[in-house]
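Working notes, beginning with the structure itself.
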Amino acid sequence: MKSEKYKNIILRVDLARKKFEKEEIDQSKILKFIGGRGLGAKILFDELKPGTDPQSPDNKLIFLAGPMIGTGAPWAPKYCVETKSPLTGTILMSLAGGFFGAGMRNSGYDGFILEGRSEEPDYLWINDGKVEFRKASHLRGKLTDDCQETIRQELGGDKNIQIACIGPAGEKGVRFASIISGYRAVGRGGAGLVLASKNLQAIAVNGTRKVPLVQPGPFRELQTAIRKKARGVERLVMFGKYGTPRNQLIVNERGLFPTRNYQGGMFEGIHEVSYIKQQERLIRKTTCHSCPVACGNLTKARAPYEGFETEGPEYETFWAFGAHCGNTNIDAVIAADRLCDQFGMDTISTGNGIGFAMECAEKGLLSKADLGGLDLKFGNHQAMVEMVRRIGNRQGLGDLLAEGTRRAAEKIGGNSIHFAMQVKGMEIPAYDPRGAKSMALTYSTSPRGGCHERGLISRETFGTPPYLDPLSIEGKGAVAQFYHDRTAFLDSLGYCIFPPNNGGMDFQEVASLFSFVVGEPFPELDLFKAGERIWNLERLFNFREGLTGKDDALPPRLLKEPMPAGPAKGHIVELDTLLKDYYKVRNWDEKGVPRPEKLKELDLEEEGKAALGWKKT
């Protein structure tokens, strides 16, 4: 029985006028879009005028915590930032773990909608519902760790204060600038640049608000049972011990670990930049809010990069500054990771761009003058680390790479667009789809561009049971849809995707916990329906912005150059066949447009009309 109504309170902030107001989100909207990523997509679709310049005051920046964040539910720390991306021009939903999401809810609000632009640099201080605009000119130019510590001391030094901020990369217009909270990054797609364009340096939160639970008794009982069960799951135990970097060896062995800007799928130097070497540099384990696994690793670099400490590197960062750049110096990877966090930059796009530039130099498409004195070749870790700094400061070649590889290739010319490893302008990460065919669909159809997190198909990438042939193209449309829709609702709730992938909880348990939070029955099948609705809504947003099915593309290298060696030797991506299957499973037409009957089924007819000009039937 319900004891009270579930409440979701949003703070809408007009930065130009220094005004704010509280809004309660109707529960029917929560049940339809869940929260977090899904709710953010709905707000952005309804409120953002098509064609808005991502860096203009008219763009909106939405911070949202999903319903599970701060409740004590295991593995639910990930808050969402939603906006229109300055890197891709698509809808952008980017997530981060750590403690900021829970801190935001404790401060009195489940989310913020930031509008307009401050006249002078400001930061927001939100404490137990009270909102203050504070001057931030003195924070300009500071690295993110210095910025956070300065703000914390100004606010009294309370360690419970959580801060999300930009760094020099956002201030200087790096298109993949991130928002940093602690060691955690809202990394992909340029949310940090949007925050910088609003002249807002940071948001600081703290408070004692109790996160709402309509049925706390059943919730706590199930929460305890899940945590107890997790202690006996071997895959989770190993994940907690080593974290994501352990997957490098698995993916490399499976022959789909991109090497030297996707010129191969197996890295001969993998053991020099592996989780084993990382453990030798371990300071201590770290964790996110309410996580019983604690997969984070605080590591410290050795000479010649002593002084650099980072929470990580995670799998993608190890790849971006390791195999992708042909680098076998693990301490350089740690240094590059930390520099990205300090400048406030996405590690995937940064490392991907540097590897792209290395191949351009190798092929004679960049001159010595272009390289500014750097011997930018695969394996040169000193040049790689220096290029991270130059991108963050937009100096020399770094100024061009700060635009992303698609724009850089357009300037460099030659055949460089052939090996600019991006989709819709976003650099793709560490799984070569020539060796994992479903991942071709994740990269090509991801709403925010070349991204694995919108549907990491672990049965292909890691060989998670039950067995799935990674090189077959049969039935991959249905496989991709399942993972895409599943990830959409997990993102919206605030969950990390790894525990569900590793036996930590099943989807009936996820549905039950959500039901206890909102006080409404919510079957497992309704979660998947909500995930499908969210995925289709994000696609409608992009279509309204002028994208089409032609943008469901991949870099030509993956379509034309067979994998040179390993288990996937000789394979390319048969993208047209894969997309045809995927569109059919989705009930989209041959151009990738959701059919009217599908939108009716998902109760998205009005959105379809707004995006596609269809009349409601």
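Structure above, values below:
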item: Qualifying residue in the range 374-390 (condition: in a helix (DSSP H, G or I), touching a strand residue (DSSP E or B) at 6+ places or on another chain (Cβ under 6 Å), within 19 Å of LYS172 (Cβ to Cβ) and not assigned by TED's automatic domain parsing to the domain that holds GLN201); result: no
item: The range 91-145, residues that are free of Cβ contacts under 8 Å to residues at least 60 places away in the same chain and surrounded by fewer than 19 Cβ atoms within 10 Å (Cβ to Cβ); result: LYS130, GLU132, ARG134, LYS135, SER137, HIS138, GLY141
item: Residues satisfying the stated conditions in the range 564-605, i.e. among the small types (Gly, Ala, Ser) and either closer than 30 Å to GLU253 by Cβ or not in a loop (DSSP other than H, G, I, E, B) (or both); result: ALA565, GLY566, ALA568, GLY570
item: Count - residues of the range 407-439 that are basic (Lys, Arg) and part of a helix (DSSP H, G or I); result: 3
item: Odd one out for ARG539 among (1) in contact (Cβ under 8 Å) with a residue 40 or more places away in the chain; (2) touching a Lys or Arg at 6+ places or on another chain (Cβ under 7 Å); (3) not hydroxyl-bearing (Ser, Thr, Tyr); result: (2)
item: Only listed residue being modelled with pLDDT of 95 or more, in the same structural domain as LEU527 (by TED's automatic domain parsing) and within 27 Å of the chain's Cα centre (by Cα), chosen from GLU607, GLU601; result: GLU607
item: Strands (runs of 3 or more DSSP E) within the range 1-64 that include 3 or more residues more than 18 Å from PHE489 (Cα to Cα) and among the charged types (D, E, K, R); result: 19-24
item: Selection count where residues are more than 20 Å from GLY97 (Cα to Cα) and within 23 Å of the chain's Cα centre (by Cα), scope the range 202-231; result: 0
item: Subset tally (residues that are farther than 20 Å from CYS340 by Cβ and touching a Lys or Arg at 6+ places or on another chain (Cβ under 8 Å)) for the range 354-395; result: 3
item: Residue among LYS584, LYS569 that alone is in contact (Cβ under 8 Å) with a residue 40 or more places away in the chain and touching a helix residue (DSSP H, G or I) at 6+ places or on another chain (Cβ under 9 Å); result: LYS584
item: Selection from the range 440-460 of residues that are surrounded by fewer than 24 Cβ atoms within 10 Å (Cβ to Cβ) and outside any loop (DSSP other than H, G, I, E, B); result: SER458, ARG459
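The values are calculated or read from the model by the stated rules, or taken from the named source; none is laboratory data. All values derive from a computational prediction rather than experimental measurement. Cβ atoms come from the backbone with ideal geometry, glycine included; neighbour counts cover every protein chain shown.
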